[in-house]
Amino acid sequence: MTDVVVIGAGAAGLMCAIVAGQRGKSVVVLERGERIGAKILISGGGRCNFTNRYAGPENYLSSNPGFCKSALARYTPDDFIALVERHGIAWHEKKLGQLFCDGSSREIVEMLQRECADAGVEIKAGADVTAVRRVEPDGGFGVETPRETFSAKRLVIATGGLSLPKLGATDFAYRIARQFGVAVLPVHAGLVPFTFSGEELEFCRALSGVSAPCAARVEPANGQSVEFAEHFLFTHRGLSGPAMLQVSSYWQAPEELRINLFAGGGARAWLEENRQSGLRLDTLLARRLPERFATAWAAPLAPLRPVRQYNSVELDDIARRLENWTLRPAGTEGYATAEVTVGGIDTRGLRSKTMEARAVPGLHFIGEAVDVTGWLGGYNFQWAWASGHACGQAV
């Protein structure tokens, strides 16, 4: 019997296996795909945004917000940076604490492979798990694949969520949780572009490729308003870019999307400052916004006039529109392009220190499969490393 079987050779699963192996445990990692670390390889445009220097509990969305505190406190971004540097991997900070490899994301996967090898971890790719069962009376687990069956004292599920099915994502973790009576919360795509229909879609299509800064906001019916100041990007299907991806994790149909084109405010004061410029409204807006976007945004206000010809009430209205441009998405692009899955295994049924199911001793869930979703910019990798590390210390 093996001490630990980890199902899923992604960021969380490999980290868990490494830590458990370093503690002298016999560990087997089973990966359904033919290669390990598939998501790591494509992340960050191939350079892997492997963590965020500022990752903290406030950067995560969960129905049980305090759950992630323990794991994040015990394995920090600095801990992972130290591992990266120990392997001689060059890295840089892009912006907002986002850390990337100077070279290829393959360096991170190769690092994890070497760490697994050094810890005596056995990795089996192309091992599609067909069944998991509890073995009585010893309380272990039986894990079946088409080629062989494994027995383990502890079982770790690290198969992720539903995002990016082209990389092999499935609902495996949720099925196993339900099989053993662990609650699973509703899920939806997160860090994903918005789609539109009708006139709003045509507006976006006409500006496809145009990007601008903003502060994007959603006001969930069941929670507090959230806002992210970043760039957004028009696409042939709707809106993307960092600001849109961030708020998408909090958005639920049919909520509105509110965009402040003057992040930080000040639209009314700016209009007043330029009131005597002699410029027409769209021409003036093009000083702050991309010209094509300024022209398209101002078009519904036709007939356009020089700014000095607008009275104070009209300028108040224009300023309000600039700071509260409201759109109603038709939906999102879904799991096909989503970077994460929001929701998942209810963390109230897990122990925060060990990631073990409270009602099923020896069964652990880590990484994206659980109801902890990070912001864009390396936060989800940090949760993978931290939750995997916490679990690896316990199995």
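The values are calculated or read from the model by the stated rules, or taken from the named source; none is laboratory data. Just so it is clear, the model here is predicted, and its values are computed rather than measured. Because the Cβ atoms are built from the backbone with ideal geometry, glycine has one as well, and the counts that use them run over all protein chains shown. The protein model used for the area step is the full one, side chains on, heavy atoms only, and it has no ligands, DNA or RNA in it. Shrake-Rupley method; radii C 1.70, N 1.55, O 1.52, S 1.80 Å.
In a residue-by-residue description of segment 302-317, the property of being aromatic (Phe, Trp, Tyr) and under 26 Å from residue 242 (Cα atoms) applies to no position. Counting just the residues of segment 76-98 that are farther than 12 Å from residue 385 by Cβ and in contact (Cβ under 8 Å) with a residue 40 or more places away in the chain, which one comes out most open to solvent (accessible area, probe 1.4 Å)? Once the filter is applied, the top-ranked residue is 94.
Taking the criterion of being of a type in the set (A, V, I, L, M) and open to solvent by 40 Å² or more (accessible area, probe 1.4 Å), the residues of segment 315-351 that qualify are 330, 336.
Of the strands (runs of 3 or more DSSP E) lying entirely inside segment 1-75, the ones with 1 or more residues being surrounded by 24 or more Cβ atoms within 10 Å (Cβ to Cβ) and acidic (Asp, Glu) are found at 27-31. Residues that are within 18 Å of residue 170 (Cβ to Cβ) and surrounded by fewer than 17 Cβ atoms within 10 Å (Cβ to Cβ) within segment 185-204 comprise just one, 186.
In segment 381-393 there is at least one residue that is open to solvent by 60 Å² or more (accessible area, probe 1.4 Å) and either of a type in the set (Gly, Ala, Ser) or in contact (Cβ under 8 Å) with a residue 40 or more places away in the chain (or both).
When residue 318 is tested against (1) β-branched (Val, Ile, Thr); (2) under 30 Å from residue 52 (Cβ atoms); (3) out of contact with any strand residue (DSSP E or B) (no Cβ under 6 Å at 6 or more places or on another chain), exactly one condition is not met: (2).
Taken together, 115, 122 contain a single residue that is open to solvent by 60 Å² or more (accessible area, probe 1.4 Å) and either in contact with a Pro (Cβ under 9 Å, 6 or more places away or on another chain) or closer than 28 Å to residue 26 by Cα (or both), which is 122. The requirement of being of a type outside the set (D, E, K, R), crowded, with 16+ Cβ neighbours inside 10 Å and in a loop (DSSP other than H, G, I, E, B) is not satisfied by residue 277.
Of all residues in segment 350-370, those that are under 11 Å from residue 394 (Cα atoms) have Cβ atoms under 9 Å from Cβ atoms of residues that are assigned to a loop (DSSP other than H, G, I, E, B) and at pLDDT below 95, 6 or more apart or on another chain, in 362/139.
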